[in-house]
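Taken together, the values in this text are just the output of simple stated rules run on the coordinates, not laboratory data. Just so you know, these numbers come straight off a predicted model, no measurement behind them. Cβ: placed from backbone, ideal geometry, glycine included. Neighbour counts: every protein chain shown.
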Amino acid sequence: MNSLDRRAFLKHAVLTSTMAAAAGVSINARGANERVVLGLMGLRGRGSFLAPLAATRDDVELRYLADPDTNFFEQRAGDIEKHTGKRPVCMQDFREMLDDPELDGILMATPDHWHALGTIWACQAGKDVYVEKPASHNIWEGQQMVKAARKYDRVVQMGTQNRSAEYCQKAYEYVHSKEFGDIHFVRVMNSKQHGNIGKKENTDVPPGVNYDIWLGPAPMRPFNENHFHYAWHWLWAYSGGDIINDGIHQIDIAHWLIDQPLPKAVCAAGGKHFFDDDQEAPDTHTVNWEFDRLTMVFEQTLWAPYMKKTPMEVRDLDLLPNWPFSGTRIEVYGTEQFMFLGRHGGGWEVFDKDGNSVRVEHGYFERSNKDHLGNFIDCIRSREKPRADIELGHRSTLLSHYGNIAYRTGRKLSIDPATEGFINDDEANGYVKRQYREPWVVPEEV
């Protein structure tokens, strides 16, 4: 599809979607017995998990695979063909799949800098979207994603799978009970050990890679392995470090539990205290968010070998993590009781004023992955809002953005609830929106 054809298609798609939304009709609503047709954008990382989850469902046809790197086509397409007997169509530019009127939705597992533009284009084409966390690369992009979902009446779900975990739903109910008391403090942990990415020189673009598409909205620069697969997580041009990579999961759970709108203020500290490599984001990071009569704290260390994610043998069994060394736990402080909650399954445990364990709920992580995708597929049919609707996802992603911007400016910031930006701080507001590279521009008018 050339540039002119794409522009003509998207103009037609926007018109069609707008007319359908105005009439209260879904372009691609499916009957109860019809298979939902999906395409996957991004074949590495989370894409490698979403592909089999979708392809092995009897009510789904995974028809398309898209990635700027063709080197993964054979493996991913071959795996799906083994499961289903049908080989998906592979492409480097995901917009080609938007031509298919039978396509219901997009599973977006791209790097973060592609989330907003991909979601908005899909909404304009009348497609629903399951977008992996975080919602956006910056604050303004998240706002545009919410606008697009509402304007075109699209189901847009963010991939924070704990929203579909029964044990987390029960935790929400419990911390709002009389037994627990009022919540005034929450601690969110993101402590673990990850590798040094080293320092690498620029090289030629690998064969089979459309580097222009991979960069998309990000600035053009020479190819470098540390600005490519996975290492992009730690570079500001594409993401925001681990607070927005892994930490967003715990932050989303905590924000859900406290049931509050935006914080009033944020401050942060930290730095690259351990790694001597090409990473730009901090390996040690603390954030304080000030809500109404409540403080939430984020603590991150990416070099601590004794801090672990919930072990595999605990995630889906009736076991609890070793709480002091559970690196992705959440601590909720009530006036009557205290709760430890594990992110990767592991459940939760409540203690009374005397330190006695008074309530245990086990959690199952793998089930939440399946249920979260299932909730998205159910909502494609029902047209209801999903559990992690993009507006909720945007709000939780905002907390990560606030934490990064406070870290980068080095001062306490007051938050403007009307704009979601910052009060009387031009430098901080300079991080609200990025400069875009033509033609990969997130539109002002979605």
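The alpha carbon radius of gyration of region 300-406, expressed as a multiple of 2.2 N^0.38 Å, is 1.28. Our Cα-only numbers for the chain put the radius of gyration and Dmax at 21.5, 69 Å. Calculated on the Cα set of region 107-255, radius of gyration then Dmax: 18.4, 62 Å.
Can you give me the relative contact order of the chain as a percent, contacts being Cα pairs under 8 Å and 6 or more apart? Contact order relative to length: 19 percent. Neighbours of Leu413 by Cβ distance under 14 Å: Lys/Arg scored +1, Asp/Glu scored -1, total -2. Residue by residue, region 158-167 carries 3J(HN,Hα) couplings of 8, x, 9, 5, 5, 4, 9, 8, 4, 5 Hz when phi is fed to the Karplus relation 6.51 cos²θ - 1.76 cosθ + 1.60 (θ = phi - 60°); x denotes Gly or Pro. DSSP beta bridges fully contained in the chain are about 60 percent antiparallel. Helix-only mean residue ellipticity at 222 nm, the chain, DSSP H runs n ≥ 4 weighted -39,500 (n - 2.57), per residue, nearest 500. What is it? The helix contribution divided over the chain gives -9500 deg cm²/dmol.
Pairs of alpha carbons in region 33-169 separated by more than 26 Å make up 19% of all such pairs. Rg/Rh, computed from the Cα trace of region 180-288 with Rh as the Kirkwood radius, has the value 1.07. Phi-derived couplings, Karplus 6.51 cos²θ - 1.76 cosθ + 1.60 at θ = phi - 60°, listed residue by residue for region 134-151: x, 4, 8, 7, 8, 4, 4, 4, x, 4, 5, 5, 4, 4, 5, 4, 6, 4 Hz, with x used for Gly and Pro. Per the Cα gyration tensor, region 90-161 maps to an equivalent ellipsoid with semi-axes of 18, 14, 11 Å, ordered largest to smallest. Take every pair of alpha-carbon atoms less than 8 Å apart whose residues are at least six positions apart; their mean separation over the length of region 292-446 yields a relative contact order of 12 percent. Take each peptide in 118-124, 352-358, 338-344, count the other Cβ atoms within 10 Å of every residue, and average; sorted highest first, the result is 118-124, 338-344, 352-358.
Taking K and R as +1 and D and E as -1, what net charge do the other residues with C-beta under 13 Å from the C-beta of Glu74 add up to? Cβ neighbours under 13 Å give a net charge of -1.
Across region 106-249, the relative contact order, built from alpha-carbon pairs under 8 Å that are at least six residues apart, equals 24 percent. Start at zero, step by 5 Å, and the Cα-Cα distances of region 221-269 spread as 5, 16, 19, 20, 15, 10, 8, 5, 2 percent across the bins. Using 0.36 nm per residue and subtracting the Cα-Cα separation, the extra length available between Thr203 and Val89 on full extension is 38.0 nm. In the calculated pair-distance distribution of region 38-105, the portion above 16 angstrom amounts to 38 percent of the Cα-Cα pairs.
Each Lys or Arg adds one and each Asp or Glu subtracts one; over the other residues with Cβ under 14 Å from the Cβ of Asp352, this totals -1.
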